[in-house]
Structures are given as structure tokens and as C-alpha cells.
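Everything on this sheet refers to the single structure shown next.
The values are calculated or read from the model by the stated rules, or taken from the named source; none is laboratory data. All values derive from a computational prediction rather than experimental measurement. Methodologically, a virtual Cβ is constructed for each residue, glycine included, from the backbone with ideal geometry; neighbour enumeration extends over all protein chains shown. We work out accessible area using only protein heavy atoms, side chains counted, and drop any ligands, DNA or RNA first. Shrake-Rupley method; radii C 1.70, N 1.55, O 1.52, S 1.80 Å.
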Amino acid sequence: MANTSEQAYLDFLQHILDNGVKKEDRTGTGTISVFGYQMRYDLSAGFPLFTTKRVPFKLVASELLWFIKGDTNIRYLLQHNNHIWDEWAFKKWVESDEYNGPDMTDFGRRCLVDEAFNVLYEKELQDFCHRVLTDDDFAQKYGDLGNVYGKQWRRWTDSEGNDIDQLQDVIDQIKSNPDSRRLIVNAWNPEDVVNAGAKGSKSALPPCHVMFQFYVIEGKLSCMLTQRSVDSLLGCPFNVASYALLTHLIAHECGLEVGEFIHSAGDAHIYSNHIEQVKEQLSREPRALPILKINPEKTSIFDMDLEDLVIEGYNPHPAIKAPIAV
């Protein structure tokens, strides 16, 4: 079977290369960017873990389970050897009054252009992660990222201080009222977004995946993600796999088949230091998509562990390395 799902993503990358305009960004790296693009993935045609470069499924799955648990502390991720959120917690530490190590200001850019600094940065980051894993007080203070996805999905706070479990609520609605047009989880809280990432803010990073909506028809569950900002090389493959996995898990709990995953991108960009990597990926031929297997003995999405999720038949091209912009 032709891998049309992955071709939709490759067409997306080519569209940005062909039509993107130069645009500055928060990180100072620079991008080429387009505004407004939509991709559709038929989840019955294979699990969209892209094959033109290796996408580490265990990192995708452990991050999603972290969100589902309502967790916002990177300790859980580190316990599963997942380092994709390290830099945002590390930034909180090195900007604190308690940090007295070497100067780490602007580390996201400096580690890319200064080899000597890069060695120092890696050591400081490793020491930080070790302390999060081994020191409970330190982890509680500096490992927590504030009101990021897990908090908004599971413990959104209303005006009276009550927590709202959006994820549980949407699952209940799918089961009881599948024709509802309100099957929505929202992560964009204006109160938290103001000065997000600044010292003392409630959130380390304003949410890129702003909201997602489910749709049930003919016994199939589909999901549409609206994403304000898409790092098209590094982030997008994770986002697609993550929300495809979320759709599978909720369909599994609700006794439904999977339909489509629809990805709507706002500012879709390629960083200026990712151009050659994108071209390399576009030169590769997509291979057959793998299959996702979910432990049939587990029904609730909230009971799932990493070992309950297995990918079969994944045969990707090698990974493509690129620097992350922080």
C-alpha cells in the first residue's frame, strides 16, 4: 500500500521550501514560514510514524502519557529517558537566584556556535537532570514546567479555583453523546500565556497545540489538532504521531474504530539551520507505515503504561539530527 499519509507531510515540507518567506522568531534563529496549512492522515491505513527519518516512538508515547497523567514535572520523562523538555526546565534553573554556576544565558543559541561552550552546557544540563532525578525538593522546584499541557488537559482551573478535567470530560461525552459538536480540549489559557517563559511566569512555554476536537461518525473517531506554531522538521512528526496515538487510545476506550487525524497549522516554519536536513529528508522514499498494537487488557486511557503500546513493522530511514531552538 502506498504511504500517502507520509507523502502529505513531505508535500507540506516542500510547500514551505517553495512558498515560505523569511521571518524572524523569538529564538533569534530565523525561519522561512507560511501561514495556514492542513494535512489529513487516514489512521486506518497505518500508524503515521514517519519513515523518511526515524521518529522515536517511545519518546512520543512517554510524552503523551505524561500529558494524560496531568503531570508537568520532567522527572517522569527523565525516568523514561525522555529529554525533549529538558531545556525549558533547565532555563528556569539557570535563571534562578540559586544558580551559581557558569554563565548559561542564551544557551540555546550559544551551544550551536561555540564548541567550548557546548561542552560546558552539556555538563551543566546533565548535572541538572541528575539532580531532578535524585533530589525531591530540587525536582519539585525546578523540574516543574508550570501550567503546560498536562495541567490544562486534566486540571484547568476555573474562576472559582475549581479544577476541570477536560480530557475525562471529552471521553465521557464521546461515550454518551458522540454527535456533540463540543468534543474539545483547549490548552490556550490567556492568563498563563502572558509573559510565558519569563522568570516567575506560570508556564514555561505557551502551548503550540492550542486545541483539539473529536468527531464521531459511522463508528469511527477522528481528531483535528489546531496548532499555532509548527516546527516542521523536528516538531511536526512528533505532533502527528502523538495525536494519532491519542486518537487510537480514546477510540480504544470508547469502543470505536479510528478515522482521520487532521492537522491544521498556523505559523508553519522551517528554521534557517534546518534547511539542508529538510532537503535530505525530501530526497528519501517513504516506506510502509507501521501498525500500532494496544494491550487489549487495558481499557482506560488513564491506566496505560509505556509497555502497553507496541509498534510493529517499523522500518525507517536513519534519524536526521538538527538543533532545537529554545
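Some points to look at:
- Residue within segment 312-319 that is at pLDDT below 95 and of a type in the set (S, T, Y) present: no
- Selection count where residues are touching a strand residue (DSSP E or B) at 6+ places or on another chain (Cβ under 9 Å) and either of a type outside the set (S, T, N, Q) or part of a strand (DSSP E or B) (or both), scope segment 151-170: 13
- Of the residues making up segment 233-257, those that are touching a Leu at 6+ places or on another chain (Cβ under 6 Å) and either open to solvent by 10 Å² or more (accessible area, probe 1.4 Å) or not in a helix (DSSP H, G or I) (or both) number 2.
- Matching residues in segment 271-302 - criterion: being assigned to a strand (DSSP E or B), within 15 Å of P48 (Cβ to Cβ) and open to solvent by less than 30 Å² (accessible area, probe 1.4 Å): L292
- Scanning segment 121-135 for residues that are within 30 Å of S300 (Cβ to Cβ) and open to solvent by less than 50 Å² (accessible area, probe 1.4 Å) turns up just one, V132.
- Test for V119: is it out of contact with any His (no Cβ under 9 Å at 6 or more places or on another chain) and closer than 20 Å to Y76 by Cβ: no
- Some residue of segment 170-182 being of a type in the set (S, T, N, Q), out of contact with any Leu (no Cβ under 9 Å at 6 or more places or on another chain) and in contact (Cβ under 8 Å) with a residue 24 or more places away in the chain: no
- Looking only at segment 1-10, and only at residues there that are more than 20 Å from the chain's Cα centre (by Cα) and in contact (Cβ under 8 Å) with a residue 12 or more places away in the chain, the one that is least open to solvent (accessible area, probe 1.4 Å): N3
- Taking the listed residues S96, S62, the one that is open to solvent by less than 40 Å² (accessible area, probe 1.4 Å) and modelled with pLDDT of 95 or more is S62, with no other qualifying.
- Condition check for E260: over 20 Å from the mean Cα position of the chain (by Cα) and of a type outside the set (K, R): no
- On inspection, E260 passes the criterion of being under 19 Å from L64 (Cβ atoms), open to solvent by 30 Å² or more (accessible area, probe 1.4 Å) and either among the acidic types (D, E) or in a helix (DSSP H, G or I) (or both).
- Single condition A61 does not satisfy, out of (1) without any contact (Cβ under 8 Å) to a residue 60 or more places away in the chain; (2) hydrophobic (A, V, I, L, M, F, W, C); (3) within 30 Å of I164 (Cα to Cα); (4) in the same structural domain as V278 (by the TED database): (1)
- Within segment 200-232, the residues that satisfy the criterion of being farther than 24 Å from F302 by Cβ and out of contact with any strand residue (DSSP E or B) (no Cβ under 6 Å at 6 or more places or on another chain) are G200, S201, L205, P206, I217, E218, D231.
- Residue, farthest from the chain's Cα centre (by Cα), within segment 136-160, restricted to residues that are farther than 24 Å from H209 by Cα and open to solvent by less than 50 Å² (accessible area, probe 1.4 Å): F138
- Here T51 clears all of (1) surrounded by fewer than 18 Cβ atoms within 10 Å (Cβ to Cβ); (2) of a type in the set (S, T, N, Q); (3) touching a helix residue (DSSP H, G or I) at 6+ places or on another chain (Cβ under 7 Å) except the condition numbered (1).
Okay, residues lined up against (1) at positive phi; (2) surrounded by 15 or more Cβ atoms within 10 Å (Cβ to Cβ); (3) modelled with pLDDT under 95:
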residue: C111; (1), (2), (3): no, yes, yes
residue: E115; (1), (2), (3): no, no, yes
residue: I164; (1), (2), (3): no, no, no
residue: V170; (1), (2), (3): no, yes, no
residue: V185; (1), (2), (3): no, yes, no
residue: E191; (1), (2), (3): no, no, yes
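- Residues that are over 18 Å from W85 (Cα atoms) and touching a Cys at 6+ places or on another chain (Cβ under 7 Å) within segment 228-245 comprise just one, R228.
- First in segment 33-55 and more than 22 Å from T226 (Cβ to Cβ), second anywhere and of a type in the set (S, T, N, Q) and open to solvent by 10 Å² or more (accessible area, probe 1.4 Å), Cβ under 9 Å, 6 or more apart: A45/N3; A45/T4; G46/N3; T51/N3; T51/N315; T52/S283; K53/Q277
- Per-region count, segment 209-232, residues of a type in the set (F, W, Y) and either surrounded by fewer than 20 Cβ atoms within 10 Å (Cβ to Cβ) or more than 21 Å from R154 (Cβ to Cβ) (or both): 1
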